[in-house]
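The values are calculated or read from the model by the stated rules, or taken from the named source; none is laboratory data. These numbers come from a predicted model, not from an experiment. Heads up, the Cβs are rebuilt from the backbone with ideal geometry, glycines too, and the neighbour counts pull from every protein chain shown. Just the protein is used for accessible areas: all its heavy atoms, side chains included, with ligands, DNA and RNA removed. Shrake-Rupley method; radii C 1.70, N 1.55, O 1.52, S 1.80 Å.
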Amino acid sequence: MKKLVFTVLLAVLGFTTNVFAQENNEDRISAFVRGGASISSYYDSGSDGSNIRLGYNAGVGVMLPLRSKGLLTHIQSSLLLVSKGAKSEELGVKTTVEQVYAQIPIQFVHKFSDGDDTGASIAFGPYIAYGLWGDCTVEQRVGGMSSATASVSIDTFGDELKIDRFDVGLTLTFKFDFEKFLVGMDVDLGLANIGSERAINHWDTMKYPKNVSGSLYVGYRF
């Protein structure tokens with residue numbers, strides 16, 4: 001399944017390189033850097049009790065014009081460092097899961113203005129991501145009415161949690177360019193469970209949810 005997803009995404013990139021153009025200033029290839037804040041959580045089976053966790057996003061990207069100026073005017077892709085995960089609290093136990101991914105979205109873009117330097121745009125497409133690092137921290141109050149807490153931290157992608165490093169999903173972007181500067185918002189919806197269902201004992205199974213996140217960012221175009 002993972003090899004199939006990579007093959008399809010590479011095929012999309014290969015196809016679109018045949019329709020890129022650089023005919024004038026409005027059709028130039030542009031690169032950009034970006035960074036900002038993110039919020040994330042889980043959804044679907046196994047997400048009960050999941051709350052929003054704050055994170056970050058940063059990366060570089062490129063926007064390529066399409067030769068045929070129809071509904072879709074550009075294609076853009078980025079290499080992003082994205083912090084995802086979730087928080088939960090139950091019976092005095094606080095759990096925070098951090099998953100830091102290298103993420104590559106490939107999006108088809110519609111720009112609402114004819115010019116390339118200023119205007120709003122919307123983009124949609126798939127993303128693939130690979131988990132680089134992360135920690136799962138569990139804190140619990142100790143000593144009855146005492147405010148003291150005990151905590152333990154384990155590797156998010158280690159053998160204990162068994163969270164998969166690979167993730168795939170869909171991403172939607174709203175962006176506004178103002179000459180060299182840009183402001184945008186991403187919404188990512190994971191399509192893969194972050195782990196494979198496994199038995200805890202004879203009666204219970206561990207069900208893993210899917211990632212969902214949103215990002216706000218600012219950037220600069222070259």
Among the candidates Val82, Val93, residue that is in contact (Cβ under 8 Å) with a residue 40 or more places away in the chain, in contact with a Lys or Arg (Cβ under 9 Å, 6 or more places away or on another chain) and closer than 30 Å to Glu139 by Cα: Val93
Would you mention how many residues in the stretch 155-199 are open to solvent by less than 50 Å² (accessible area, probe 1.4 Å) and either more than 12 Å from the chain's Cα centre (by Cα) or farther than 30 Å from Gly119 by Cα (or both)? 14
Say whether the condition of being outside any strand (DSSP E or B), within 23 Å of Pro126 (Cβ to Cβ) and either touching a helix residue (DSSP H, G or I) at 6+ places or on another chain (Cβ under 8 Å) or open to solvent by 50 Å² or more (accessible area, probe 1.4 Å) (or both) is met by at least one residue in the stretch 84-104. no
Scope the stretch 32-69; condition aromatic (Phe, Trp, Tyr) and touching a Phe, Trp or Tyr at 6+ places or on another chain (Cβ under 7 Å); matching residues: Phe32
Kindly list the number of the only condition in (1) modelled with pLDDT under 95; (2) under 16 Å from Ser38 (Cα atoms) that fails for Met206. (2)
Search result, residues across the stretch 39-68 that are open to solvent by 30 Å² or more (accessible area, probe 1.4 Å) and touching a helix residue (DSSP H, G or I) at 6+ places or on another chain (Cβ under 9 Å): Leu64, Arg67, Ser68
Consider only pairs whose beta carbons are under 7 Å apart and that are at least six residues apart or on different chains; among these, list those whose first residue lies in the stretch 155-184 and is under 21 Å from His110 (Cβ atoms) and whose second residue is of a type in the set (D, E, K, R) and not in a strand (DSSP E or B). Asp177/Asp117; Glu179/Asp117
